[in-house]
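The values are calculated or read from the model by the stated rules, or taken from the named source; none is laboratory data. In this text the structure is predicted, and so the values were computed from the model without any measurement. Here the Cβ is made from the backbone with ideal geometry for all residues, glycine too, and neighbour counts use every protein chain on show. In case anyone asks, the SASA skips ligands and DNA or RNA and just uses the protein heavy atoms, side chains included. Shrake-Rupley method; radii C 1.70, N 1.55, O 1.52, S 1.80 Å.
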Amino acid sequence: MPTVHFRGREIECDRGAVLRDVLREAGESPYNGNASWANCRGVGCCGTCAVSVEGPVTHRTKMEGWRLNFPPHDGQLGVRLSCQTLVLGDLWVEKYPGFWGEEMPEAEDDETEGSD
Ligand code: FES
């Protein structure tokens, strides 16, 4: 049985469960602020359930790929729509700030001062 790690919790679920449903059934939310009521209810068109996911999940659906390719999302940023993502194993999930969860932390600079 997979475990979803989210906000310091360990949530067990069935393999193949929809990540959005897993979080909500555990009393958590993949949404920020007003997006908790202003969302598409899992259709995959609003983009507000975006989360960062590490671990085995299904590939992007067609709808997810479409939605993550226009602002505020950028298809290259690596977030997933939790309503379109099925859990296939243990996951580490993070929700970033912003209405859509689009405010990803800045990538760390690999250059070290005085390293040349
Ligand atoms: S709930 Fe709207 S895209 Fe996931």
Qualifying positions in the range 70-87 - open to solvent by 50 Å² or more (accessible area, probe 1.4 Å) and in contact (Cβ under 8 Å) with a residue 40 or more places away in the chain:
86
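Quick grid of which residues meet (1) among the charged types (D, E, K, R); (2) free of Cβ contacts under 8 Å to residues at least 40 places away in the same chain; (3) over 13 Å from residue 95 (Cα atoms):
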{"position": "1", "(1), (2), (3)": "no, yes, yes"}
{"position": "6", "(1), (2), (3)": "no, no, no"}
{"position": "13", "(1), (2), (3)": "no, no, yes"}
{"position": "17", "(1), (2), (3)": "no, no, yes"}
{"position": "28", "(1), (2), (3)": "yes, yes, no"}
{"position": "33", "(1), (2), (3)": "no, no, no"}
{"position": "43", "(1), (2), (3)": "no, no, yes"}
{"position": "49", "(1), (2), (3)": "no, no, no"}
{"position": "65", "(1), (2), (3)": "no, yes, yes"}
Quick one: is residue 101 within 16 Å of the ligand (Cβ to nearest atom), in contact with a Pro (Cβ under 8 Å, 6 or more places away or on another chain), under 17 Å from residue 22 (Cβ atoms) and open to solvent by less than 70 Å² (accessible area, probe 1.4 Å)?
yes
Consider the range 22-57. How many of its residues are assigned to a helix (DSSP H, G or I), out of contact with any strand residue (DSSP E or B) (no Cβ under 9 Å at 6 or more places or on another chain) and either modelled with pLDDT under 95 or surrounded by fewer than 17 Cβ atoms within 10 Å (Cβ to Cβ) (or both)?
3
